[in-house]
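What follows is a short report on a single structure.
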Amino acid sequence: MTDIPILSIIVFLPLLGAVCVSFIPGQNKPFIKLVAFLFSFITFLLSVSLFFLFNPSVGTFQFMEFVPWISSIGANYSIGIDGISLFLLMLTTFLTSIAILYSFRSIGSKVKEFMIFMLFLNTTMLGVFVSLDMLLFYLFWEAMLIPMYFLIGIWGGERRVYATMKFFLYTMFGSVLMLAAILYIYFMHQKATGISTFDLQSLLAYSTAYLPFKTRLFLFLGFAIAFAIKVPLFPFHTWLPDAYTEAPIPGNLLLAGILVKMGVYGFLRFAIPFFPEVSRDFFYPIGILAVIGIIYGALIAYVQKDMKKLIAYSSFSQVGFIMLGIFSFTDTGMTGGVLQMINHGLSISALFLLVGMLYDRTGKRGINDFGGLSGSMPVFSAFLLITILSSIGLPGLNGFVGEFLILLGVFKVNIALTAIASTGIILSAIYMLWMFQKVSYVTPADREVKKLPDLSLREILILVPIILMMFWLGLYPKPFLSRIEPSVKNLITVTAPGHFVAPVASQFLSDKKIPEKTFLKSLPGK
Amino acid sequence: MFSYLFMPIIIVVFTGLLVLLYDVLAVNVRKEHLLFISLAGLIISTLYSAILWGLPFSFMKGMLVSDNFSIIFSVFFLLSSAFILLISYTYLNDNNLNVGEYYALVLFATAGMMFMASTFNLIVLYLGLELLTLPLAILICFKKGRDFSHEASLKFFILSVFSSAFFLFGIAFMFGAAGTINIAQVAGDFSTHAVISLPYLLISAGLLILGLGFKISSVPFHIWTPDVYHGAPTPVTAFLSAGAKVAGFAALIRIFFYLFPGIHLSLTEVFIVLSVITMTLGNIVAIAQRNIKRMLAYSSIAHSGYVLMVLTVFTPASISSAIFYLMVYVIANLGAFGIVLALRQKDREYIDIMHFSGLAWKRPLLAGFMAIFMLSLAGVPPTAGFMGKFYLFSVTVKNGFTGLVIAGLINSVLAAYYYLRIVYLMYMKEEKENVPVTLFPSLGVSLFILGIAAIYFGIFPSPIISLFKTTLFH
């Protein structure tokens, strides 16, 4: 498309920023903040340019770059994006800028190290979304744990060390299973074709067409557990309450806004296309787990007294919808799922930001610690209301579009699950509005609360872009949907039964080497 | 031609003698001259080895050989010894140990390791082993007057002799079975159906594994490791964990790469069991350690277990991945011991893991490097440790041992816990006791080089992997 490796620039610009920040003396906090923000913001602007350069009529990968990396084992630096990763990429750069802007006030100590880790985290997250090489993907996926470990562990709440250790070990456990699965596919492919490669497309075509079903089942589980831990899907969610509660707010933003999406993205990019039949068979197990998650998360959220915990569980609950939509294997459901990833990213970060802003003022987060904020903090209350309405899916705001599409898609597959999942929306309305009512209207026990200052200009500047996006996505989602849909359609075509026919399957089964050409003929578009 | 082949080893031995003589005869002995002479010897020998690259030689029917395998390992030993000398310099001064003998013993031990890597003859290999063990036994109690140092040395010496006896016994059985102690010849004879007694050969292989298992501290031959690592002066511990262990692996690979395919006999199950118990025990016990040297001792046991994973099947890919893994392990381990050496004042060392508390906010760069070394040992990308593990595991899958890989992967999650604990202490815990830091130029430079290497090989492993892969045993 262009000669400028724009994707690489976007991915590695934050890393460059981290290096720059590391050379600034630690006392010069304002300058560190400025430099860090500028780097993240420029990255964001560049990613916005992708939105316009992106060709919405194509469902396959764009902005591809390819550089040989470890030639002896067939790993390459191969990156590119499609409609699904485009928006996740933009969401990442957007939320990172917001998180850095927010942290100007909330992070008082060790600012330099904080910014370095934030920018490093940004690079690894972006890397996950653009990698088209399994080894490269895994490298970014695992590397991401390091900065997150530090962010929770250094700047987190009281039980931060426990939370961060749990997060790290839990995620790493899932990842190593995935690594085993990746290696297995890699060697099966190498054994059959004689080509060693970690290239996503080649491995994908091979595994869908030639692996025995039982093997595929195990490999799918290897991937699925890794991603289900990240999502998290019930019952792999136990790291989430700890990590969310203890993380600093900017960390929350990236945890809930993006890290969680990586799990879903992993399903979309790897687990589903690699093992379409198995995935289809897993609609019920995963769908039921997702629905359990929706209801269970909502019920737990309902009894929380700590706002941050409430949001943590509501996030867990809403992720169930995304999973449900994606595993419906209908284009409406899947498109809705992808869109809902963005919606969820926006609304959950706005909620965390709002709670963080209250926490900055009072050092408290209990629902009962506040009340009557609509009087003392009208702007805050208005933002909170819009965010809550978006999060519970009020028509006109973003949450509605995604949830509606998801339920529409799932409805075509299974009515019972749709019905149960829908009650999750009602439950979310109950606990969210209850929280809003408590915080904004009920007269507070503590008189100090009445004197809280309203949002500052910086805080408004942080929130306004998110709110605007909520309206845009709610009222006119077409520019987004038009870019997501072709990729989703492409995914559905690829995962349709019998898409990768196996004309030379007998040769594969007999473990003989076949010439590359014969094999490549069976790939789409060749 | 004779001297040409011998040159790298000869240079090292002569440098050792030169250092000794200089220390005794020179009028005004400047301590840094000892270091410079030794380093010069090591570097010249490294360069000489590099010249021999790609020119395979064999002297007296494989009594001494120079092939790419021996050169890779020789360079490996020479460089790690050079780093050991660099990181130990001020430590020696502060403990009044800075004498020529130290340098000479390190150099002699290095020569022993080089012998171990460059022979087909088991007796020469045994001589190399002893040439390594005796200087090490002296080095372990180099810091006089400490009881546990002496205990460590004695323990090491006695168990070494014990394991050497097994090794010798193994050689004797080999001779009884095959009529020769040249392993290449044993394999050759076997493939041409010469008369070889298979049961005796099996006993021999078992005894050889036992003897070398001690060197690489594989479970159940590991009991000496924690005590000796703890009792030895820290630079010597680093030397044990880097050089001595790798030399054991060099010998193991050399012997069994030639023996296994030749005798159509697989000891795969033996190595699987050794591998799994070694890494599991090492990792689990390491979690309970409060002393950083003991923790690293158990971690080094665990790492031996990982390497044994690929040695279940001896293919060129297995060997190149084992060498690559050993390399990244040594880089990170030398670095970690370097940091341990920095936490000290004069002759007092701070080796409790709690002494790392809050280091990050006092010495950010030092703690940053320690974090890199720990993450590399844990195998988290983008460090070299990840690439090492990745390559190792991928070859093991290729060899057909997916279950073993899963055991290894779960182990690496276990291991992440205790490596991350150091990181946690450095970054997330307040400093309790004022721990002094003694950083001197040669240590700083070494740490810097090792730290950069630990990242560099994690991102660009390609050249070095192809070097190991394409030119092995040519």
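Site pair B:ARG290 and B:LEU25 shows an inter-label distance of 5.3 nm when each label is modelled 7 Å from Cα along Cα→Cβ. Rounded, prolate or oblate: pick one for region B:94-151, where a ≥ b ≥ c are the square roots of the eigenvalues of its C-alpha gyration tensor, a/c under 1.5 means rounded, and failing that, prolate if a/b is larger than b/c, else oblate. Oblate. Extending 7 Å from Cα along the Cβ direction at A:ASP281 and again at B:THR438 yields two label points whose distance is 6.5 nm.
Under the criterion of Cα pairs below 8 Å and six or more residues apart, the relative contact order for region B:109-226 equals 23 percent.
Evaluated with a Cβ-only charge set (Lys, Arg +1; Asp, Glu -1), the protein assembly as shown carries a dipole of roughly 960 debye about its Cα centre, given to the nearest 20. Counting only alpha carbon atoms, the long axis of helix B:316-342 and the longest principal axis of chain B meet at about 20°. For B:GLU151, the solvent-accessible surface computed with a 1.4 Å probe is close to 100 Å², ligands and nucleic acids excluded. Using the Cβ of A:ILE342 as centre and a radius below 13 Å, the other residues enclosed give a net charge of +1, where K and R count +1 and D and E count -1. Quick one: net charge around B:LYS143, please, counting Lys, Arg +1 and Asp, Glu -1 for every other residue with C-beta under 14 Å from its C-beta. Net local charge, B:LYS143 excluded: 0. For region B:383-407, a drop of 30 Å² or more in accessible area on going from the chain alone to the assembled protein chains (1.4 Å probe) is found at B:PHE386, B:MET387, B:PHE390, B:SER394, B:VAL397, B:LYS398, B:THR402. For the protein assembly as shown, the per residue solvent-accessible surface stands at 33 Å², with DNA, RNA and ligands left out and a 1.4 Å probe. Using the Cβ-Cβ distance between A:LEU461 and A:SER482 with R0 set to 41 Å, the FRET efficiency works out to roughly 0.90.
What net charge do the residues around B:ALA247 carry, taking every other residue with its C-beta under 11 Å from that of B:ALA247, with Lys and Arg at +1 and Asp and Glu at -1? Here the charged neighbours net out to +3.
Using a cutoff of 8 angstrom between alpha carbon atoms and counting only pairs six or more residues apart, the relative contact order for region B:263-474 works out to 29 percent.
Projecting each Cα onto the charge dipole of region A:237-349 (Lys/Arg +1, Asp/Glu -1 at the beta carbon, about the Cα centre), which of A:VAL338, A:TYR284, A:ALA247 comes out farthest on the positive side? Working it through, the farthest residue towards the positive pole turns out to be A:ALA247. When +1 charges are put on Lys and Arg Cβ atoms and -1 charges on Asp and Glu Cβ atoms, the dipole computed for region A:152-227 relative to its Cα centre reaches about 180 debye. Working from Cα pairs under 8 Å separated by at least six residues, relative contact order for chain A is 16 percent. In this structure, A:LYS191 and B:TYR200 have a Cβ-Cβ separation that, at R0 = 56 Å, corresponds to a calculated FRET efficiency of about 0.90. For region B:259-394, the Cβ-based charge dipole about the Cα centre amounts to some 520 debye (Lys, Arg positive; Asp, Glu negative; other atoms uncharged).
Per-residue SASA remark: B:TRP361, around 80 Å² accessible (1.4 Å probe; ligands, DNA and RNA not included). Taking the charge dipole of chain B about its Cα centre, with +1 at Lys and Arg Cβ atoms and -1 at Asp and Glu Cβ atoms, the residue from B:TYR4, B:GLY231, B:ILE158 reaching farthest to the positive side is B:GLY231. Between the Cα long axis of helix A:145-155 and the first principal axis of chain A there is an angle of about 10°, rounded to the nearest 10.
Taking the accessible area of the protein assembly as shown, probe 1.4 Å, and keeping the other protein chains in place, the carbon and sulfur fraction comes to 71%.
In terms of its alpha-carbon gyration tensor, region B:220-293 comes out oblate; a/c meets the 1.5 threshold, while b/c is at least as large as a/b. Remark: accessible area buried at the B-A interface is about 3200 Å², both chains counted, probe radius 1.4 Å. Going toward the positive end of the dipole of chain A, with +1 on Lys and Arg Cβ and -1 on Asp and Glu Cβ, which of A:LEU89, A:ALA75, A:SER422 do you reach last? The residue sitting most towards the positive pole is A:SER422. Residue order by solvent-accessible surface for B:MET113, A:MET469 is A:MET469, B:MET113, largest first, with ligands and nucleic acids left out and a 1.4 Å probe.
Rounded, prolate or oblate: pick one for region A:1-141, where a ≥ b ≥ c are the square roots of the eigenvalues of its C-alpha gyration tensor, a/c under 1.5 means rounded, and failing that, prolate if a/b is larger than b/c, else oblate. Prolate, because a/c is 1.5 or more and a/b exceeds b/c. For the residue pairs A:LYS309/A:LYS450; A:LYS230/A:LYS309; A:LYS214/B:LYS398; A:LYS261/A:LYS309; A:LYS166/B:LYS245; A:LYS110/B:LYS429, the C-alpha atoms sit more than 22 angstrom apart in A:LYS309/A:LYS450; A:LYS166/B:LYS245. Against chain A, whose longest principal axis comes from its Cα atoms, helix A:283-302 is set at around 10 degrees.
The values are calculated or read from the model by the stated rules, or taken from the named source; none is laboratory data. The structure displayed is predicted, hence computed values, not measured ones. Neighbour counts run over all protein chains shown; Cβ positions are idealised from the backbone, glycine included. Remember, those area values only see protein heavy atoms, side chains included, never the ligands or the DNA or RNA. Shrake-Rupley method; radii C 1.70, N 1.55, O 1.52, S 1.80 Å.
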